[in-house]
Amino acid sequence: MADNLSKVRARIAAATTRSGRVADAVQLLAVSKTKPVTMIRHAYAAGQRAFGENYVQEGVEKAAALADLDIEWHFIGPLQSNKTRVVAESFAWVHGVEREKIARRLSEQRPSHLPPINICLQVNISGESSKAGVAPDALAALAKAVSGLPAIRLRGLMAIPAPTTDPAAQRQPFARLRELLLQLQNQHPDLDTLSMGMSADLEAAISEGATIVRIGTDIFGARDTQ
Ligand SMILES: *Cc1c(COP(=O)(O)O)cnc(C)c1O
């Protein structure tokens with residue numbers, strides 16, 4: 001597993017250099033959903049600090065079991081409004097916010113001893129093929145509403161494009177997400193995050209400006225379940 005981790009780091013470094021970007025431009029988020037805490041401890045021992053979880057209960061249990069480690073937890077799954085409280089209490093980041101209501105609850109429920117919670121807005125860039133995310137033409141209004149919330153720090157955008165193995169086709173939706181971030185930066189100059197790229201398309205995402213890639217399979221191995 002430490003070997004997988006160094007291979008992924010090398011792929012990220014190579015893609016970053018090829019794109020003419022600075023060496024530390026891309027952060028690796030290790031997606032540990034469905035994987036046991038022992039594997040997270042191994043990855044941590046190999047220097048990994050940011051981990052992503054998709055399921056609220058599983059993520060909260062792992063955060064509690066690994067409270068002795070200095071992990072930065074990212075919630076990357078679909079989030080229902082009745083689950084926002086524990087996420088606000090246990091996670092540093094939420095990728096994939098697509099409704100103002102979710103952001104408002106996260107802000108209200110963020111414990112006051114913690115810094116504001118970092119969030120990315122999920123955009124539906126592949127149209128019909130993916131139902132999750134805000135439509136591009138509704139993005140500006142959502143960003144405006146969310147950026148005013150006191151315990152939220154709006155960081156940028158996230159997307160999960162429809163899978164394809166063709167590298168040119170992989171780049172297209174990532175380029176679109178980058179354009180949307182550039183437009184939003186006119187109103188929100190502090191936005192600095194493009195959360196895009198997974199095991200199969202991290203190179204395409206990095207060449208289009210990803211700042212966080214979310215990698216599960218190529219670090220921890222295939223999952224039995226989603
Ligand atoms: C599972 C998941 C990942 C990791 O995908 P891999 O293909 O295993 O690298 C990344 N992002 C999200 C939102 C996920 O649900």
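FYI, it's all coordinate maths here, none of it is from the lab. Quantities reported herein were computed from a predicted structural model and do not represent experimental measurements. Cβ sites come from the backbone with ideal geometry, for glycine too, and all protein chains shown count toward neighbours.
Some points to look at:
- For Ala151, no residue has an amide H sitting under 5 Å from its own, ignoring neighbours fewer than 5 places away on the same chain, with H placed 1.01 Å from N.
- Checking the Cα-Cα distances for Lys7/Lys83; Lys7/Lys144; Lys35/Lys131 against a 28 Å cut-off, the pairs over it are Lys7/Lys83; Lys7/Lys144.
- Whole-angstrom gap from region 95-140 to region 157-193, using each part's C-alpha centre: 15 Å
- The ranking of Lys131, Lys83 by Cβ neighbour count inside 10 Å, starting from the fewest, reads Lys131, Lys83.
- Helix-only mean residue ellipticity at 222 nm for the chain, each DSSP H run of n ≥ 4 adding -39500 (n - 2.57), per residue, nearest 500: -12000 deg cm²/dmol
- Under the Karplus curve 6.51 cos²θ - 1.76 cosθ + 1.60, θ = phi - 60°, whole-Hz ³J(HN,Hα) for region 202-214, x wherever Gly or Pro sits: 5, 5, 4, 5, 5, 5, 9, x, 3, 10, 10, 10, 10
- Positive dipole terminus of the chain, leading residue within Pro115, Ile206, Ala168 (C-beta point charges): Pro115
- Charge dipole (the chain, unit charges on Cβ, about Cα centre) - positive-most of Ser147, Asn124, Leu191: Ser147
- Cβ crowding within 10 Å ranks Glu98, Glu58 as Glu58, Glu98, fewest other Cβ atoms first.
- Prolate/oblate/rounded label for region 29-133 (Cα gyration tensor, a/c 1.5): oblate
- Estimated dipole of region 89-220 in Debye, rounded to 20 [Cβ of Lys and Arg +1, of Asp and Glu -1, Cα centre]: 440 debye
- Dipole moment magnitude, nearest 20 debye, the chain about Cα centre, only Lys, Arg, Asp, Glu C-beta charged: 160 debye
- Integer Hz, Karplus 6.51/-1.76/1.60 couplings in order for region 98-103, x for Gly and Pro: 10, 9, 4, 4, 5, 5
- A full extension of the chain between Gln27 and Asp3 corresponds to an added length of 6.8 nm, given 0.36 nm per residue minus the alpha carbon distance.
- The chain: C-alpha gyration tensor shape, a/c 1.5 cut-off, then a/b vs b/c: oblate
- Per-residue Karplus couplings for region 167-176, computed as 6.51 cos²θ - 1.76 cosθ + 1.60 with θ equal to phi - 60°, are listed in order as x, 5, 5, 5, 6, 4, x, 5, 5, 5 Hz, Gly and Pro entered as x.
- The residues Thr84, Thr38, when put in order of fewest to most other Cβ atoms within 10 Å, stand as Thr38, Thr84.
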